[in-house]
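One structure is given below, encoded as structure tokens.
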Amino acid sequence: MSYKKINNDGEEEEEEKENMGMEKEKKLPVSPILTEELKKKQALSINIMVLTVFLQSIGFTLILPSMLNYLNANDPQYKRYFGYIVAVYSLGQFLGSPVFGKWSNKRAASEPVVISIVISIIGSIFYSICYKFQGFGFPAVMGAARFVVGFGAGNVSVCRAYATETATIENKTQIMGKMSGAQGAGFVLGPGIGFLLNFCNFSIGQMVINKYTAPGYLSVLLAILNIVLVLVFFRDARDLEKRNLKSTETVSLLSINDDNDEDSGKQKNMDQRLKPIVLSIFLFMVVITIFAVFETVLTLMTLQYYNWGSTENYIILGASGIISVGIFIAISSPIIKRFDDRKTALFGFTCLLIALVLLINYNIPIGSRMTLPKWQFFIGSVFVSVGYPIASSLVYAIFSKVLNPNSHTQGTKMGWLTAGGSLARMVGPLWSQEIWTATNQQGMELFFVTAIITLIAIIVFIVFYKDLAPHPEFVSQQKTVNSNNNNNNNNNKK
């Protein structure tokens, strides 16, 4: 078998490989054996991306709990814009994710990450000073500020894409679990920190810092810290120069791999398949929709059914968050390797379906009003806390594995996934609140509809189960890595 390569003088040469063993060795550049130094470099950079997602999640939940009161304190009539202002953040992220994802395909990941954080800083500053604008200008500037912050938050696609590209074949699922765990931990800590900021009430010159403006200013400080950490510690471990160099050598190496397959045309078609990508995005949107519904109506439910205030809700959210973080930690541990990603994801979806069935108000009368038994609410909340981290993390892992690992557009495709999640988070609160209000705040119709959506997702998952299997090239590289590891172990024993 022959192939062409480029010598130092730019001339083409023919080389012959006499046996299949040498051909397999030539495949090794596709899945190289990492040196210890490179592994440490990659691990540090991946952790910086994980930290970026963590700080961003804190910033999101830091502001959200006090936003309604911020609007109401200025003018009670402005609280009707609350749902739209929440949704416009996700609209910004929906638009920003593909932009930053595509940017990271060609340039060092630190560039889009730093620029996006700067954009978020601008939005956070305007959020903190929007009270200075009179009349309708106040909610308008607040909405614009949240849109800008959301656009900057599109850098999550860069973080996920970088982790996907640089993670080793063996620990890809663990890395995606760690990424989701960081997000979950941020969601837990954010409301707690926001609660402490309720006690802020002072000024620095013309800058007023109170329970409404402090979350925005703290988000700025966290963003600045994030930029410093990225600039000091992050080093892009990807070979961008080789990626952007479209040489004959690169093409010929790919041709060797295709020639080794009896049906190279089939391999090329699988490299271009969109079905598993579309399926993964759909499943992810369903997961985010379920969480958005639960997140949106939780406080409305507890107020309607049990007349609970912010303290009780903080306890419920905190307990739910602790359970979710525990699940995230378990997913990011080596034990997850024992289970198939698709089966584990299906288990997560099943937990979510059970939760939604439990949260349906079956119109059980207690006193003069209809309510939901507390045991039913608590058990349903536990199933949400277990199902959400499992389903979201494993859909991430599945998506990262259905992509061709040799593709140089993983950043763009991760942008698609993030954009899909942002769209679900944007639309979910709007339609769920409308159904909740239209049905006299009873919750039966809302959770029944959401349960039907979840059931449809489970059916789709089962029907297209085989299409969500890892990409053949991913499987090939995994076998190569396992073979190399076995050989190294045998050599060490000798």
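Computed from the coordinates by the stated procedures, all read-outs in this text should not be read as laboratory data. Bear in mind that the values here come from a model prediction, so they are computed numbers and not experimental data. Ideal geometry is used to build each Cβ from the backbone, glycine not excepted, and the neighbour counts take in all protein chains shown.
State the Cα centre-to-centre distance between region 446-473 and region 378-395 in whole Å.
16 Å
Treat each spin label as a single point 7 Å out from the Cα along the C-beta direction, and report the A43 to L455 distance in nm.
Here the answer is 4.7 nm between the modelled labels.
Can you pull out the chymotrypsin sites (Phe, Trp or Tyr not before Pro) in region 59-155 that DSSP calls coil and that have at most 15 other Cβ atoms within 10 Å?
Passing both the DSSP loop test and the Cβ count: F133, F136.
State the Cα centre-to-centre distance between region 169-237 and region 55-117 in whole Å.
Rounded to whole Å, the Cα centres lie 13 Å apart.
In a solvent-free Debye calculation with one equal scatterer on each Cα, what is log10 I(q)/I(0) for region 189-235 at q = 0.21, 0.32 Å⁻¹, listed in the order of the q values?
Calculated log10 I(q)/I(0) at the listed q: -0.75, -1.10.
Summing Lys, Arg as +1 and Asp, Glu as -1, what charge do residues with Cβ under 14 Å from the Cβ of A153 carry, A153 excluded?
So the environment of A153 carries a net charge of +3.
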